[in-house]
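First comes the structure, then the notes that go with it.
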Amino acid sequence: MGHGYRFPMIGRRGFIAGAAALGALPASGGALGALAHETDDTVFTSAFPQKGRMILQRTRPPLLETPFEVFDQGVFTPNDRFFVRWHWAGIPEQVDVASFTLTVHGHVDRPLTLGLAELLAMPRIEYAAVNQCSGNSRSLFTPRVAGAQWRHGAMGNARWVGVPLKAVLDRAGVKAGAVAIRARGLDEPVVPDAPAFAKSLAIDHARDGEVMIAFQMNGEQLPLLNGFPLRLVVPGWYSTYWVKMLCDIEVLASTDDQYWTKVAYRIPDTPHASVTPGETGYAQVPINRMVPRSFITNLVDGARVAAGKPLALRGLAFGGDQGVAAVEVSADGGATWRRANLDRDQGRYSFRQWHLTAAGPATGPVRLMVRCTNTAGEAQPLEANWNPNGFMRNVVETTTLTAA
Amino acid sequence: MTRAWILLAIAAAGLATPALAVSDVTTVTGAGGVTLRSVTVDLPESDREFPGADAAAINNNCLTCHSAGMVLRQPPFPREKWAEIVNKMIQTYKAPIDAADVPAIVDYLAKR
């Protein structure tokens, strides 16, 4: 590494002072700085490069959440509203496309160093895919767990264009006995001896022809904070594998024993990755494929609607690592379900929009539940899962309205 | 493609100012007119500190790798859980924290 990028210079950057400067304002006028009130106040920011208005979870390294209303605006999430999540603050602030390189090495016949021009000359693939953080919706876990306190906005859907990882691996010539690839980006820890972020994928998965080295997102180059110039796209799998600023691929002849694969991002090897709080001694596996989820996007908790009048509902669903087979809505706590109309199919790994006109609600509270079933027949569960890291929430979500 | 920028990959702590000779060419174009353009951004910093008279230990030790926001947004946890988190920062992420400061940090976090 060490080509085509530059790390930040100290003393040159803008500051987000407390929460009040540079467009970062509390949503509710809550008492910022007063610890007891801090947790559930939403703070917005427009201070990040190539990003519009986002929910500020952390300034350095950035954790930026997509405000929920963005999901009602279309099936694709705009690049400037797409969520951002970095582990280490050593993020280059400059990437030069002329000198940036991607290195492929390890258990291969011909180690490669590819420039962006060489990658752009290779055969391309294109598809829509949801990118979702393992810990999306973590703040809704009960009991609560440590980690970024996302609501539902650590997800997004984009159309990705790039080169199949398989084509790059074939060019390097993977040797017999290879078991995995480990991907690294340009980001670096800011203290010595700390574990640099890297993730590995089994060799057969890496060579499935779908895993992509993406250079375009929604028809444009990626925003720097979403991984410019190259990002690994692992459709149907959680975002932790979608390594940003991808610059190094190592083919491994033995399983990855580094921290971010071996220790971090692991889930209980149980149904829905669920355990009882306090439980110990269960087996764990690396987090992997996504599971189905769905949301009502045109109405949020607390909204007031007209009693007795047909209620127009719309939202998003995705099948995890499969397409969406059905979306259903229940207004009676799950006793009966009505099938929603599915809008245009943008592909197996994409968000799918849906709509439904529900019967006019009676006066009083209305609890609407939405459930996605994927094309493999897997439906969202009615009970929330729990695990100590707050991973893989996919319970049927409920939106509570008032009809008057 | 022409001459690349001369780059000095400085430590992220930024002990030196890199000398940067910038070439004119900042794009790479491929088939189908796909063009990638060099990017330079300024990432905002945070000067936010942990509030309170008892925050010295946490301010001295917990702002090296990440700003305060995400820590301040954690829900309340019992003391043992905070001790476990602080220990993870030290053992796993190699946080350079003086053992003598740990009780004051854990106290601060557990008092929330």
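A few points about this structure:
- Close pairs (6 angstrom Cβ cut-off, 6 or more residues apart or separate chains): over 22 Å from B:Pro75 (Cα atoms) in region A:37-53, of a type in the set (Val, Ile, Thr) and at pLDDT below 95 anywhere: A:Ala47/A:Ile16
Residues are listed down the side, and each one gets a yes or a no for (1) within 7 Å of chain A (Cβ to nearest Cβ); (2) in contact with a Cys (Cβ under 8 Å, 6 or more places away or on another chain); (3) basic (Lys, Arg):
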| position | (1), (2), (3) |
| --- | --- |
| B:Ser46 | yes, no, no |
| B:Gly52 | no, no, no |
| B:Ala68 | no, yes, no |
| B:Leu72 | yes, no, no |
| B:Pro78 | no, no, no |
| B:Ala83 | no, no, no |
| B:Ile90 | no, no, no |
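- Annotation note: of A:Pro235, A:Pro195, the sole residue that is surrounded by fewer than 21 Cβ atoms within 10 Å (Cβ to Cβ) and in the same structural domain as A:Asn79 (by TED's automatic domain parsing) is A:Pro195.
- B:Thr35 more than 7 Å from chain A (Cβ to nearest Cβ) and within 21 Å of A:Gly227 (Cα to Cα): yes
- Scanning region A:36-49 finds one or more residues that are at pLDDT below 95, surrounded by fewer than 16 Cβ atoms within 10 Å (Cβ to Cβ), in the same structural domain as A:Gly90 (by TED's automatic domain parsing) and acidic (Asp, Glu).
- Residue match in region A:325-342 (condition: over 30 Å from A:Ala306 (Cα atoms) and in the same structural domain as A:Val395 (by TED's automatic domain parsing)): yes
- Residue match in region A:74-86 (condition: crowded, with 17+ Cβ neighbours inside 10 Å, among the charged types (D, E, K, R) and more than 14 Å from A:Asn226 (Cα to Cα)): no
One line per residue, one yes/no per condition, for (1) assigned by TED's automatic domain parsing to the domain that holds A:Leu246; (2) among the hydrophobic types (A, V, I, L, M, F, W, C); (3) in contact (Cβ under 8 Å) with a residue 24 or more places away in the chain:
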site: A:Arg60; (1), (2), (3): yes, no, yes
site: A:Phe82; (1), (2), (3): yes, yes, yes
site: A:Gly90; (1), (2), (3): yes, no, yes
site: A:Val97; (1), (2), (3): yes, yes, yes
site: A:Thr113; (1), (2), (3): yes, no, no
site: A:Leu140; (1), (2), (3): yes, yes, yes
site: A:Val145; (1), (2), (3): yes, yes, yes
site: A:Arg151; (1), (2), (3): yes, no, yes
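- Single residue of region A:197-215 satisfying the filter (part of a loop (DSSP other than H, G, I, E, B) and out of contact with any strand residue (DSSP E or B) (no Cβ under 6 Å at 6 or more places or on another chain)) that is nearest to the other protein chains (Cβ to nearest Cβ): A:Phe197
- Only residues that are charged (D, E, K, R) and either buried (at least 19 other Cβ atoms within 10 Å of the Cβ) or not in a loop (DSSP other than H, G, I, E, B) (or both) were counted across region B:37-68, and they come to 3.
- Which listed residue, of A:Trp354, A:Trp386, is among the hydrophobic types (A, V, I, L, M, F, W, C), buried (at least 19 other Cβ atoms within 10 Å of the Cβ) and closer than 25 Å to A:Thr77 by Cβ: A:Trp354
- Where strands (runs of 3 or more DSSP E) fall wholly inside region A:294-365, the ranges with 3 or more residues that are closer than 23 Å to A:Arg151 by Cβ, of a type outside the set (Ser, Thr, Tyr) and within 20 Å of the chain's Cα centre (by Cα) are A:311-318.
- Filter result for A:Thr240 (in the same structural domain as A:Tyr127 (by TED's automatic domain parsing) and within 20 Å of the chain's Cα centre (by Cα)): yes
The values are calculated or read from the model by the stated rules, or taken from the named source; none is laboratory data. Computed from a prediction, not measured in an experiment: that's the story for all the values here. Quick reminder, even Gly has a Cβ in these numbers, built from the backbone with ideal geometry, and neighbours come from all protein chains shown.
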